[in-house]
Every structure is written in structure tokens, then in C-alpha cells.
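Here's the structure we're looking at; comments come further down.
The values are calculated or read from the model by the stated rules, or taken from the named source; none is laboratory data. Predicted model, so just to flag it, every value in this text is computed and none were measured. Methodologically, a virtual Cβ is constructed for each residue, glycine included, from the backbone with ideal geometry; neighbour enumeration extends over all protein chains shown. In case anyone asks, the SASA skips ligands and DNA or RNA and just uses the protein heavy atoms, side chains included. Shrake-Rupley method; radii C 1.70, N 1.55, O 1.52, S 1.80 Å.
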Amino acid sequence: MGQFKKIELKKFKDSIFTMEGISKTTVENHLKLYEGYVKKVNEITEKLKMVDGGLANQVYSEIRELKVELSFAIGGVKNHELYFDHLGGSGGKPMGSVAEIIDETFGSYDNWVIDLKATAMAARGWAWLAYDRDWKVWCNYIGDSQNTYPIWNATPVIALDTYEHAYWADYGTNRAAYIDAFLHNLDWETVEKQVALIAD
Ligand code: FE
């Protein structure tokens, strides 16, 4: 099935537990969901070692179910690692290369925020700022689920979780207020490091 190794839980900054606008309770509960994704990647990986490929079927088969849900579980791990990694910061406007990218692509930071917010309000699960390495473009992309609408060879540097579990306890239906809180707690230094990793 491939060369999957057992994956481990990632540790995040302590400052994600003391954010303004996203409560400690929300973060603690949200981390439990992240842990669930990590466990499921490992569980599915183990089951795939024993699956009977001879019974493969596109309508229903064990290998189909395992491989489809593996993509959901991996998405859940990767999306949340990006999310928690770049929270616990002080928000504000970005500096350096991220500021340049945003200005060049969207005209200004304010324009980028307008587009990100609209993308996130229209999403059922995720909004990502990502770089498409084939087309050399930056875009705020939308995802409805952990594993929906990936653009091949586009690498996200910002992941905004718009599932209700990310904000319901703090804001009820007011997702817009949560998006503001997300931006208020964004750690641009971490985003900058992510951008440096994918730079050509
Ligand atoms: Fe989430």
C-alpha cells in the first residue's frame, strides 16, 4: 500500500492555549479531534497491511473504504498541524516575503483579508492560502472537507478551519467574528517559515 510509517502527535506552542478570542476550551477540544485523525491514520495504515486486494471493487470493498478514509484522515492531520502551528501569534500585518506576496497577488493586505474572509465564509470546512508551484500563483482556495478540492502541487501556507467545532463554543453562528479572531492570533513568523520551505 505504500511506505507509510506510524505518525506521531505534533506538539504545538503553549501560546495557543492563551489566545484572545479563541478559548482554551475550544483549543483543547479541537486538539482532541486532531489526535483522533493521527490515530486513524495509524489504524488505517495497519489495516491496509492485511486487506485482501483481490476483493477490490469500486462500488464497495474494504480496500476502497480504507483508502478513501485514509485521504480524509491524512487531510485531518495535515490541515490541523498547519492550523495549530500558525496560531498563538500576535496577528497584525505580515512582514517580509509574505507581505510582498500578498501585496503583489491581492493588491494589499486589506484586499487579501476581504478575499480570505469571503472564501472562509463560503467554505464548509477549510480555507487555505496556497502556492501553486506549477502555475506559479498564490490563491485563497476552498475546501469543504479534510480531503476535498486539493489543487495538485499547490502547497498551503495558511489553513483556516471553518468547521463549527473551531468556533461554535466561542461565537455560536457568528463565523465572521471567529475569522477575525483567527487573523488576530495568526503567527506570521510561522507562515513566513512555511513560505520559505516551498520557495522555488
Ligand atoms: Fe478542525
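Quick look at the values:
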| read-out | value |
| --- | --- |
| Qualifying positions in segment 14-33 - under 19 Å from H184 (Cβ atoms) and open to solvent by less than 70 Å² (accessible area, probe 1.4 Å) | S15, I16, F17, M19, G21, I22, S23, T26, V27, H30 |
| Options G88, G75; residue that is crowded, with 17+ Cβ neighbours inside 10 Å and not in a helix (DSSP H, G or I) | G88 |
| Positions within segment 146-156 being of a type outside the set (F, W, Y), at pLDDT 95 or above, within 29 Å of E104 (Cβ to Cβ) and open to solvent by 50 Å² or more (accessible area, probe 1.4 Å), in sequence order | I151, N153 |
| Odd one out for A159, checked against (1) in a strand (DSSP E or B); (2) more than 12 Å from the ligand (Cβ to nearest atom); (3) open to solvent by less than 50 Å² (accessible area, probe 1.4 Å) | (2) |
| Scope segment 128-137; condition hydrophobic (A, V, I, L, M, F, W, C) and either in contact with a Gly (Cβ under 9 Å, 6 or more places away or on another chain) or buried (at least 19 other Cβ atoms within 10 Å of the Cβ) (or both); matching residues | W128, L129, A130 |
| Criterion (open to solvent by 40 Å² or more (accessible area, probe 1.4 Å) and of a type in the set (G, A, S)) met by exactly one of G36, G53 | G53 |
| Qualifying residue in segment 83-100 (condition: more than 16 Å from the ligand (Cβ to nearest atom), farther than 30 Å from A196 by Cα and of a type in the set (D, E)) | no |
| Residue ID - farthest from the ligand (Cβ to nearest atom), chosen from residues in segment 17-35 that are among the charged types (D, E, K, R) and under 17 Å from A181 (Cα atoms) | E20 |
| Only listed residue being more than 30 Å from V68 (Cα to Cα), at pLDDT 95 or above and open to solvent by less than 40 Å² (accessible area, probe 1.4 Å), chosen from G125, G107, G172, G143 | G172 |
| Criterion: touching a helix residue (DSSP H, G or I) at 6+ places or on another chain (Cβ under 7 Å) and free of Cβ contacts under 8 Å to residues at least 40 places away in the same chain - qualifying residue of Y171, Y167, Y178 | Y171 |
| So L183, is it touching a residue at least 60 places away in the same chain (Cβ under 8 Å), more than 16 Å from the ligand (Cβ to nearest atom) and not polar (S, T, N, Q) | yes |
| Residues located in segment 162-200, provided they are outside any loop (DSSP other than H, G, I, E, B), charged (D, E, K, R) and more than 14 Å from W126 (Cα to Cα) | D170, D180, E189, E192, K193 |
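Here's the yes/no breakdown for (1) open to solvent by 40 Å² or more (accessible area, probe 1.4 Å); (2) assigned to a loop (DSSP other than H, G, I, E, B); (3) touching a Phe, Trp or Tyr at 6+ places or on another chain (Cβ under 9 Å):
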| site | (1), (2), (3) |
| --- | --- |
| N42 | no, no, yes |
| E100 | yes, no, no |
| I114 | yes, no, yes |
| A120 | no, no, yes |
